[in-house]
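What follows is one structure encoded as structure tokens, with my remarks underneath.
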């Protein structure tokens, strides 16, 4: 199982949301290419085949990172 860096995943999710929004407002070939690129990168980074699976896997990565941080903070106290 892949264990991508949460910061990298967060950046990809932000880029995906930005391009998706711009594409929905004004679809262009350039934005389609950007959307395809970020979708592909999300899928590869999360080990999935569809954007829906990639988004769910990305959420899980961020949840695990948050839980790990929460655990680290409680042990430090």
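Just so you know, all these numbers are worked out from the coordinates, no wet-lab data involved. All values reported here derive from a predicted model rather than from experimental measurement.
Table for the structure above
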{"read-out": "Rel. contact order, % - alpha carbon contacts under 8 angstrom, at least six apart, the chain", "value": "35"}
{"read-out": "Two-decimal log10 I(q)/I(0) for the chain, as the Debye equation yields it once each C-alpha is a single scatterer, q = 0.26 Å⁻¹", "value": "-1.14"}
{"read-out": "Value at 222 nm in deg cm²/dmol, rounded to 500, when DSSP H runs of n ≥ 4 in the chain each add -39,500 (n - 2.57)", "value": "-29000 deg cm²/dmol"}
{"read-out": "Rounded to 10°, Cα long-axis angle of helix 51-76 versus longest principal axis of the chain", "value": "20"}
{"read-out": "Cα-based helix-to-principal-axis angle, 29-46 vs the chain, degrees rounded to 10", "value": "30"}
